[in-house]
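A.B. asks: Before I ask anything, let me first share the structure, which is written out below as structure tokens.
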Amino acid sequence: MSDAPTPAPQTPRGGNFGRFMGVGFQMLATIGLSTWLGIWLDGRFSSGPWGTVVLTLAGVFVAMYLVIREVSDK
């Protein structure tokens, strides 16, 4: 047997790029769909801007929760 040290495994270059790019698209889709739903509900029920405001804010909070959960997972 040889006494040479075993090299440390190399992490692939750009390995997290796709993961975080997917998180960005997920955030965009979550906020975009919640805003679209708010606009649609405001038009359907003539409720002023409140559906859009509430659902957009809810979409932002949900998107931030998903981003934090994804980033903190290892």
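A.B. asks: Relative contact order for the chain: what percent, with Cα pairs under 8 Å and sequence separation of 6 or more?
C.D. replies: 30
A.B. asks: Right, another one. If we count other beta carbons within 10 Å of each Cβ, what is the order of I39, I68, fewest first? Provide the component values of the computation, followed by the final result.
C.D. replies: Details: I39 15, I68 10.
Listing I39, I68 from fewest to most nearby Cβ atoms yields I68, I39.
A.B. asks: Roughly how many nanometres apart are two label points built 7 Å out from the Cα toward the Cβ at M21 and D3?
C.D. replies: Going from the M21 label point to the D3 one covers 4.7 nm.
A.B. asks: Consider the candidate values [x] 3, 11, 12, 15, 14, 11, 10, 11, 8, 4, 1; [y] 3, 14, 26, 24, 13, 7, 5, 3, 2, 1, 0, 0, 0, 0; [z] 3, 15, 16, 14, 11, 9, 8, 6, 5, 4, 3, 2, 2, 1, 1, 1; state which one is P(r) over Cα pairs in 5 Å bins from 0, in percent computed from the structure displayed.
C.D. replies: [z]
A.B. asks: Could I ask something else about it? Measure nothing fancy, just the Cα-based angle from helix 15-45's long axis to the longest principal axis of the chain, in degrees from 0 to 90, nearest 10.
C.D. replies: 10
A.B. asks: What number, rounded to the nearest 500 deg cm²/dmol, is the helix-based mean residue ellipticity at 222 nm of the chain, given -39500 (n - 2.57) per DSSP H run of at least four residues and division by all its residues?
C.D. replies: That comes out to -26000 deg cm²/dmol.
A.B. asks: Moving on to the next point. Could you line up D42, D3 from fewest to most neighbouring Cβ atoms inside 10 Å?
C.D. replies: On the way: D42 17, D3 4.
In increasing order of surrounding Cβ atoms, one gets D3, D42.
Each reported figure results from applying straightforward, stated rules to the coordinates on display, with no laboratory input. In this text the structure is predicted, and so the values were computed from the model without any measurement. Note that each Cβ is placed from the backbone with ideal geometry, even for glycine, and that neighbours are counted across all protein chains shown.
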